[in-house]
Structure formats: C-alpha cells, structure tokens
1. Taking a threshold of 27 Å on the Cα-Cα distance, which of the pairs Lys63/Lys159; Lys149/Lys173; Lys44/Lys110; Lys110/Lys159; Lys110/Lys178 fall above it?
2. Roughly how big is the chain's charge dipole about its Cα centre, with Cβ charges of +1 (Lys, Arg) and -1 (Asp, Glu), in debye to the nearest 20?
3. Among 77-88, 3-14, how do they line up from the highest to the lowest mean number of other beta-carbon atoms within 10 Å?
4. Work out, step by step, the length gained on full extension between Lys3 and Arg105: first 0.36 nm times the residue separation, then minus their alpha carbon distance; give nm to one decimal.
5. Could you state the orientation-averaged shadow area of the convex hull built on the Cα atoms of the chain, in nm² to one decimal?
6. At Ser35 and Tyr72, where each label point lies 7 Å from the Cα along Cα→Cβ, what is the point-to-point distance in nanometres?
7. Any idea which of Ser163, Ile122, Thr76 is furthest toward the positive side of the dipole for the chain, if Lys and Arg beta-carbons carry +1 and Asp and Glu beta-carbons -1?
8. Calculate the radius of gyration of the Cα atoms of the stretch 47-88 to one decimal place, then report Dmax, the largest Cα-Cα distance, as a whole number, both in Å.
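Just so you know, all these numbers are worked out from the coordinates, no wet-lab data involved. Given the structure is predicted, the values throughout are model-derived calculations rather than measurements. Please note: Cβ atoms are built from the backbone with ideal geometry, for glycine as well, and neighbour counts cover all protein chains shown.
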Amino acid sequence: MLKIALIALAVIAVGITGVLAFAATKPDVFVVQRSASITAPPEKIFPFINDFHQWGIWSPFEKMDPDMKRTYGPITAGPGATYGWDGNKNIGSGSMEIVDAPAPRKVTIKLDFTRPFEAHNIAEFTLQPAGAATNVTWSMRGPVPFFAKIIHVFMDMDKMVGSQFAEGLGKLKAAAEK
C-alpha cells in the first residue's frame, strides 16, 4: 500500500514539475488581436471607439453583467478620458484611460484590472483606410508573470478574449455601417 502511495506521489510530482517547466517556456508578453473590414470611413468609426459613452453600443464586455456599475471621469472622449467598472465574477473590476488618440487613425488605452486578478495591459485600436472600407484592428498586449504563465497552460487567452474582440468588431461594424 505504501509503495502505491509513493508511486502516486511521484507521478503527481512529475506532473506538477512538467506543468511548471512548460509554463516557464510561455512568452513573457501576450498579444491578442482581431481585425474587421468596416464599410465606412475612419472618421465615422473613430467616435465609437474614442468616446467611452459609445462603448455600450458595440463592446461585448458591456453586456456581460447587466448590473455592472460604471463610472466615467470628467473627460469621456480622447486623451485623458477615463472609465471604470465593477461587476460580477464574469466581468470583474478595473479602469481604462485613453492615453493617445490621433484622430481618426488610432486609440491607445491603458487597461487596468483589479478583480478577479490584477493586470495592467495596453489595448489599441487602429483604423486603416482601404478604399471604401476601413480595416479596424483591436489588439491587447500585456506582461505575463509566472503565475499567469501557469494559467496560460490550461487556458487559451487568444481564443477566449479573441472571440470577444471579434464579437465587438462585428457590433462596431453594424453600428458604423448604419
């Protein structure tokens, strides 16, 4: 009986060591990115992204918790605009600040999560004219500390967040093409 227990413990120890070793090979920075072609000029799309009051129209995160509490700073559009949220376990809590917004090409946002875990990322929207359309790219990047690398062994951040980005770009497309 003792021999079986020791073998089981050895297998568990090897498994844990394997997970930790594999996690150590994960990148130190993650990037999630999705793009969509929207049949509208950048000037029409830009205000939907640059004004936090407009995010309710297209952002998939706005619908994840109907009771989410939102706070807007004195500036809600352009550089210096701030927005905070506090919601259920699906949405957590955090804040965003637009740090750069050269109209109508790009909006860069400092994104800070406080719950369910602390994270500090950069989200960026780029708008590139392409004939009668605009290619809009939504990306997010951030550091991956070792604990997060372990989580990334079991969860695919690109699939999880990327599908939400694709959904949001689809809603942005619908709104901007009206």
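1. Listed pairs above 27 Å: Lys149/Lys173; Lys110/Lys178.
2. 320
3. 77-88, 3-14
4. 30.1 nm
5. 12.6
6. About 3.2 nm, to one decimal.
7. Ser163
8. That works out to 10.3, 28 Å for Rg and Dmax.
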